[in-house]
Amino acid sequence: MTRLSTAVRGLVTALAALLTATAAAAPARAEPEPRAPEDFVALNSVDPTIIQEMRYFTPHNFVGERVDGYRQPLCILTRPAAEALHTAQRALLRRGYSLKVYDCYRPQRAVDHFVRWAKDLDDQAMKAEFYPDVDKTRLFADGYIAEKSGHSRGSTVDLTLVELPARPTRPYHPGQPLTPCFAPQDERFPDNSVDMGTGYDCFDTLSHTLDPRVQGQQRAHRLLLKNTLEDLGYVNLAEEWWHYTFKPEAYPDTYFDFPVSRRALTGHH
């Protein structure tokens, strides 16, 4: 009896171990992807004429690869922010210009990607273009990278002006030679936007909107963008000529993490 009991006990133990292993191997039930609130919209549904060049969907950015959370090259904003851009676009079209957006709503997972990249001091692949004069150890202290971004609240946009008719932009190919973002326009990466004095996402004090070293046509372009948007409720970030936030923000204290995709907007009217 003892031998039989031992055998049964061993069998039960083996069976329990097998069940435990099977349970561990079973795929965890996927959490549903977060969705955007009802008052978030795709900008092109409000104004299809605004040019979109969503840089974080591409490898042409300071990270050097597509950023987490960007499933489609799509500008998403709160509806009041998008409608204000539509009004700005109508005014600019009459003057021979179009807005071009580089980034709009940015999920928290993308900001987390920036933080991981900034802490990896060995990754300097895009330094020559985006931060040639800034030591990577200074990115947090100097305010170029932070653990939270106003973009994640849905009412902030990075944008520029394009003179019409818009020229096509030559595609970026990873590994190609890089030129400093503050080089003369004809030396920088070719962008079909007007000359703002630096390229987009240039980690340099020359990117400060009213930097006194930026004069002539470059300053005039910055002021045209600034005056047009500020008349409609947007507020510029003084350190970045391209960065504007619509006020009052619909979600001043909420940092969203739904992905940049049409599916995240599914069911919206």
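What follows is calculated from the coordinates using simple rules that are stated; it is not laboratory data. All figures in this text were calculated on a predicted structure; none of them were measured in a lab. Note: ideal-geometry Cβ built from the backbone for every residue, glycine included; neighbour counts use all protein chains shown.
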Restricting to the stretch 42-53, and then to whatever is free of Cβ contacts under 8 Å to residues at least 60 places away in the same chain and either assigned to a loop (DSSP other than H, G, I, E, B) or over 14 Å from the mean Cα position of the chain (by Cα) (or both), can you tell me which residue is surrounded by the most Cβ atoms within 10 Å (Cβ to Cβ)? I50
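Residues that are among the polar types (S, T, N, Q) and under 19 Å from V46 (Cα atoms): list the helices (runs of 4 or more DSSP H) wholly contained in the stretch 77-177 that include at least 2 such residues.
Values: elements: 79-93, 108-119, 127-130.
Where helices (runs of 4 or more DSSP H) fall fully within the stretch 77-177 and carry at least 2 residues being among the polar types (S, T, N, Q) and under 19 Å from V46 (Cα atoms), they are 79-93.
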For the subset of the stretch 60-87 comprising residues that are closer than 22 Å to L265 by Cβ and among the aliphatic types (A, V, I, L, M), which member is surrounded by the most Cβ atoms within 10 Å (Cβ to Cβ)? A81
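Tell me which residues, restricted to the stretch 206-247, are β-branched (V, I, T) and either in a strand (DSSP E or B) or touching a residue at least 24 places away in the same chain (Cβ under 8 Å) (or both).
Looking only at the stretch 206-247, we keep the residues that are β-branched (V, I, T), and these are 209, 214, 228, 235, 245.
Matches in the stretch 206-247: T209, T228, V235, T245.
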Right, T179: in contact with a Pro (Cβ under 8 Å, 6 or more places away or on another chain) and of a type in the set (S, T, Y) or not? no
For the stretch 247-267, which positions are over 20 Å from A146 (Cβ atoms) and out of contact with any Lys or Arg (no Cβ under 9 Å at 6 or more places or on another chain)? P248
